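Everything below concerns the one structure shown next.
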Number of protein chains: 2
Amino acid sequence: MSRDEKKPKAPTIFDIARKSGVSYSTVSRALSGYEFVKSSTREKVLQAARELEYVPNQQARSLAGGRSNMIGVLVPDLSNSYISEIIHGIDDELAKSDYNIILYTTHRHQGKESEYVATMVNSGADGLLLVVPLISSSYLDALHQQDFPYVLLDQMNERKQSLSVIATNRAGAYEATQYLIELGHRHIGFISGLEGLNSATERLAGYKTALSDHGIHLDSEYIVGGDFRVQGGYLATQKLLSLQKPPTAIFASNDMSAFGAIEAIRQHGLHIPDDISVLGFDDLSQASLVYPKLTTVHQPLVEMGREAVIMLLECIEYPAQEMRQTILPTKLIIRDSCAPPAIMMT
Amino acid sequence: MSRDEKKPKAPTIFDIARKSGVSYSTVSRALSGYEFVKSSTREKVLQAARELEYVPNQQARSLAGGRSNMIGVLVPDLSNSYISEIIHGIDDELAKSDYNIILYTTHRHQGKESEYVATMVNSGADGLLLVVPLISSSYLDALHQQDFPYVLLDQMNERKQSLSVIATNRAGAYEATQYLIELGHRHIGFISGLEGLNSATERLAGYKTALSDHGIHLDSEYIVGGDFRVQGGYLATQKLLSLQKPPTAIFASNDMSAFGAIEAIRQHGLHIPDDISVLGFDDLSQASLVYPKLTTVHQPLVEMGREAVIMLLECIEYPAQEMRQTILPTKLIIRDSCAPPAIMMT
DNA sequence: ACTCTTCTTGCAAGCGCTTGCAACAAGGGT
DNA sequence: ACCCTTGTTGCAAGCGCTTGCAAGAAGAGT
C-alpha cells in the first residue's frame with residue numbers, strides 16, 4: 001500500500017467531515033454505532049460518505065479500538081467437503097452482518113494451532129470459530145482468560161465450558177444402527193472414525209448402545225479402525241469382508257469412509273445393497289451422487305456453521321454470555337444403499 | 001478488543017525495546033525487513049521478542065504503511081468443490097509465506113463484487129486473487145489504475161492484460177472429444193457450460209474443432225445448454241436422450257454436469273458405458289467416487305491456486321511485473337465411463 | 001591525531017479511526 | 001428571566017507500527 005506514486009488515496013472521515021461541515025469525530029460516530037448524533041446530522045454525513053464512495057479502513061478501525069469486523073475461522077483442512085459445507089454455512093450467515101472471514105487452515109501442522117489462534121487474536125479478529133477436531137486446551141485456556149469470543153464447532157470440550165455447536169452424533173448413530181437392525185441385520189460392521197475425536201467416540205457409542213438395546217451381541221471383530229477418509233474406509237472394509245463371517249451391513253462413521261467401503265465392496269464383486277448394505281454419516285452432497293445413492297445420517301453441517309455464527313456474534317455483542325451448547329439434530333436419510341440381508345446369509 | 005477489564009495486553013515493540021535496551025524503531029526494523037541493523041542487535045531483539053511471545057499486530061503494521069500479510073480471495077460460492085480445490089491450492093502455497101487469507105464470496109449478489117473489491121483493497125489486503133467467473137471490468141480498471149496487485153484465476157480478460165492463470169480448456173476439450181471419436185463415436189452430445197464464461201466458450205470451441213477436424217458433421221441438436229451444475233446436466237441429458245437419434249456419448253462441460261448426466265441416463269434405464277458414454281471436465285475428487293468412475297479432463301485446480309499465489313506474491317514484491325498469463329495443461333483421465341458405442345446403434 | 005565516510009540507531013510524525021472529556025446548544029421547570 | 005438537565009458536537013490523545021531524517025558510533029584514509 002505504500003510503494004507507489006499516483007495512488008488516488010481513498011477518502012477518509014476527514015474528507016467526509018470537511019464535505020459535510022462537521023467534525024471528524026461526529027462523522028466517526030455517525031458512521032459507526034449510533035451514539036448521540038442528531039439524525040439530521042447523521043443524514044448529512046451519510047450522504048457525504050455516499051458521494052465520496054467512502055469505504056472505512058478496517059485496520060484503522062480496529063486499531064483504534066473498534067471492531068475489525070473480521071472473524072477468524074480455523075479449520076483443519078480444505079480438501080474435505082465436510083469442512084466446505086460448514087464454511088458455507090458460516091459464510092452465509094456472516095454475509096448478513098457484513099463481517100469478513102479470515103481463513104486459517106492448520107495444515108497438518110499439528111502444533112501450529114495455538115500459534116494461529118494467537119495470530120488471529122492479535123490481528124484483531126473480533127471472534128473465532130474453531131472447527132478443529134483435536135483441540136489442545138492450552139489455547140482454549142488462553143482464549144478463556146482473555147474473554148475472547150469464540151465458539152467450537154462439532155467439538156466437545158468437557159473441561160471448559162465453551163460456546164459450541166454440535167450434532168446429535170450418538171443419537172444419529174443409534175438411529176442408523178437401529179434402522180439396520182430393523183431391516184433384519186444382525187451382523188453389522190462398524191468403521192470407526194479418527195481416534196480421539198469426540199464425534200467418532202459418540203458414533204461408536206451410539207452403535208454399541210443400539211446393538212445392546214436390541215439384544216445383539218457386540219462382536220469386537222466387527223469394529224474396525226477407520227480414519228474418516230476414503231482410504232481408511234476402503235481398508236477397513238477389506239478387513240471386514242475377509243472375516244470368516246462377514247457382516248451383512250456396514251455402518252461407516254462418515255460418508256467418506258462409506259465411499260471407501262463401497263469401492264472395496266464393489267471390488268470384491270458384491271452388490272450393494274443386495275449382498276451387503278452400507279450406511280454413512282454426514283450426508284455430504286456427494287452422498288446422493290454415488291451409486292447406489294448412499295443411505296446416511298444427515299448432519300446439518302450448513303446449519304451448524306450458521307448457528308455457530310449466530311452464537312458468536314451474540315457473544316461479541318454481549319460478552320457476558322453464559323456458556324451454552326447448541327445441539328442440532330441429525331436425521332437418517334434413507335436412500336438406496338441399504339436393504340434387508342440376503343436370505344441365504346447365515 | 002476493548003470492552004474488557006483485565007486483558008493481559010499483548011506485548012508490543014515497546015516492550016521488546018525496553019527489554020532489549022534499544023529503541024522501538026530499531027526493534028521494528030529488526031523484526032520487519034532487514035534494513036541496516038547490526039546483526040548482534042537483531043539477535044538481541046529477536047531473542048527478547050521470542051521470550052515475550054511477541055506477535056506483531058497486523059492491523060497496526062499495515063496502517064503504518066507496511067504489509068498486512070493478508071491477501072483477499074474472492075470466489076463466487078463455496079458449495080462447489082471446484083472452488084474448494086482452488087482455494088486448497090491457494091491456501092497451501094500461501095501457508096508457506098505466512099500470508100493470511102481473507103475470504104469473500106460474492107454470494108449471488110451479482111453486483112456486489114466491485115464493492116467487495118473496494119473493501120478488500122481498503123481493508124489493507126496486499127493483493128487479490130479473483131476467481132470470479134463473470135468479471136465486470138469496472139473494478140479491474142480501478143485495480144489497474146492503482147497498480148494494485150491481483151491475479152485472475154480461470155478467467156480470461158482480453159481487454160486488460162492482467163496476471164492470470166488458466167488451464168488449456170480448449171485443448172482439453174479437443175482431446176476429450178477426439179478420444180470419444182477414436183472410440184468410434186460419431187454422435188456426441190455436448191452439454192455446454194454457463195454462458196459467458198470463458199471456460200465454457202473454450203470448451204465448446206474445442207469440441208467443435210475436434211469434430212470438424214475429424215470430418216464429423218456438427219449437429220446443433222447435440223449441443224444443449226447446461227449451467228455447470230448437476231441439475232443443468234440432468235436436464236440437458238434428458239433432452240439429449242429424447243432426441244430421435246440420441247448421441248452415443250455425452251461430453252459434459254464439467255464434472256457436475258456429468259454427474260447430472262449419469263443420473264438422467266440411469267433413470268432412463270441405460271447403462272454407462274455400455275449404452276452410452278459420459279465424459280466430464282475438471283476431475284473433481286468426486287469423479288472417481290461416482291459409479292462408474294468418470295472419465296474426465298483433469299484440470300489442475302490445486303496447481304492453479306498455487307501458481308496464482310506465486311504470481312501474486314511476486315507481483316507484490318516487484319510491482320513492475322509485466323502482465324503475463326500462465327497456462328496450465330489439462331489432461332485426459334481415462335476411467336470407466338466411456339467405451340466404444342454399442343454396435344447396434346446406428 | 002583528525003576529518004570523511006559508512007553504518008547504526010533514535011526521534012518524531014503520522015497511518016485512519018475511536019472515544020473520554022469538556023464545551024456548547026437547547027429545552028424544561030419554577 | 002434564570003438555572004439545571006439532557007442532547008450534541010469538537011478536541012485531543014492514542015491504538016501499534018513504519019519510516020524519513022538527523023545524530024551518534026565506528027572505521028578508513030592521510
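The values are calculated or read from the model by the stated rules, or taken from the named source; none is laboratory data. As the structure is a computational prediction, the values presented were derived from the model and not from experiment. Note that each Cβ is placed from the backbone with ideal geometry, even for glycine, and that neighbours are counted across all protein chains shown.
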Selected residue (criterion: farthest from the other protein chains (Cβ to nearest Cβ)) from residues of region B:243-273 that are of a type in the set (V, I, T) and part of a loop (DSSP other than H, G, I, E, B): B:T248
So, in region B:252-303, of the ones that are under 16 Å from the mean Cα position of the chain (by Cα) and on the phi > 0 side of the Ramachandran plot, which residue ends up surrounded by the fewest Cβ atoms within 10 Å (Cβ to Cβ)? B:D283
Limited to region A:131-148, what total is found for residues that are in contact with a Gly (Cβ under 9 Å, 6 or more places away or on another chain), closer than 26 Å to A:T201 by Cα and either within 12 Å of chain B (Cβ to nearest Cβ) or not hydroxyl-bearing (S, T, Y) (or both)? 3
Scan (1) under 22 Å from B:Q178 (Cβ atoms); (2) surrounded by fewer than 23 Cβ atoms within 10 Å (Cβ to Cβ) for the single condition B:G193 breaks and write down its number. (2)
Give me a count of the residues in region B:83-130 that are surrounded by 19 or more Cβ atoms within 10 Å (Cβ to Cβ), more than 10 Å from chain A (Cβ to nearest Cβ) and hydroxyl-bearing (S, T, Y). 1
Any residue at all in region A:72-94 that is within 9 Å of DNA strand D (Cβ to nearest atom), acidic (D, E) and either in contact with a helix residue (DSSP H, G or I) (Cβ under 6 Å, 6 or more places away or on another chain) or in the same structural domain as A:V132 (by TED's automatic domain parsing) (or both)? no
Checking A:R229 against (1) surrounded by fewer than 19 Cβ atoms within 10 Å (Cβ to Cβ); (2) away from chain B (no Cβ under 14 Å); (3) out of contact with any strand residue (DSSP E or B) (no Cβ under 8 Å at 6 or more places or on another chain); (4) farther than 19 Å from A:P341 by Cα, which test does it fail? (2)
Within region A:31-79, work out how many residues are more than 10 Å from chain B (Cβ to nearest Cβ) and farther than 27 Å from A:T106 by Cβ. 22
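Listed here are the residues, each with its yes/no results for (1) away from DNA strand C (no atom under 12 Å from the Cβ); (2) at pLDDT 90 or above; (3) under 40 Å from the mean Cα position of the chain (by Cα).
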| residue | (1), (2), (3) |
| --- | --- |
| A:P8 | no, no, no |
| A:F14 | no, yes, no |
| A:A17 | no, yes, no |
| A:T26 | no, yes, no |
| A:A30 | no, yes, yes |
| A:V37 | no, no, no |
| A:V45 | no, yes, no |
| A:G72 | yes, yes, yes |
| A:P76 | yes, no, yes |
Just give me the residues in region B:277-307 being touching a residue at least 40 places away in the same chain (Cβ under 8 Å), in a loop (DSSP other than H, G, I, E, B) and farther than 22 Å from B:P341 by Cα, in sequence order. B:D283, B:L284, B:Q299, B:P300
Test each condition in (1) in contact with a Lys or Arg (Cβ under 8 Å, 6 or more places away or on another chain); (2) away from DNA strand D (no atom under 15 Å from the Cβ) for A:S68 and report the one that comes out false. (2)
Residue list for region B:119-142, restricted to those being out of contact with any helix residue (DSSP H, G or I) (no Cβ under 7 Å at 6 or more places or on another chain), more than 20 Å from B:Q58 (Cβ to Cβ) and in contact (Cβ under 8 Å) with a residue 24 or more places away in the chain: B:L130, B:P133, B:L134, B:A142
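So that you can scan it fast, the table gives a plain yes or no per residue for (1) farther than 28 Å from A:S79 by Cβ; (2) surrounded by fewer than 18 Cβ atoms within 10 Å (Cβ to Cβ):
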residue	(1), (2)
B:A17	yes, no
B:S20	yes, no
B:G33	yes, yes
B:K44	yes, no
B:R50	yes, yes
B:Y54	yes, no
B:A64	yes, yes
B:I71	no, no
Counted residues, region A:304-325 - those being β-branched (V, I, T) and surrounded by fewer than 24 Cβ atoms within 10 Å (Cβ to Cβ): 2
Look through A:A205, A:A236 and report the one residue that is assigned to a helix (DSSP H, G or I), out of contact with any Pro (no Cβ under 8 Å at 6 or more places or on another chain) and crowded, with 16+ Cβ neighbours inside 10 Å. A:A236
For region B:274-295, which residues satisfy the criterion of being within 14 Å of chain A (Cβ to nearest Cβ) and not charged (D, E, K, R)? B:V278, B:G280, B:L284, B:S285, B:Q286, B:A287, B:S288, B:L289, B:V290, B:Y291, B:P292, B:L294
Just one of the numbered conditions (1) crowded, with 22+ Cβ neighbours inside 10 Å; (2) within 14 Å of chain A (Cβ to nearest Cβ) is not true of B:V27; which one? (2)
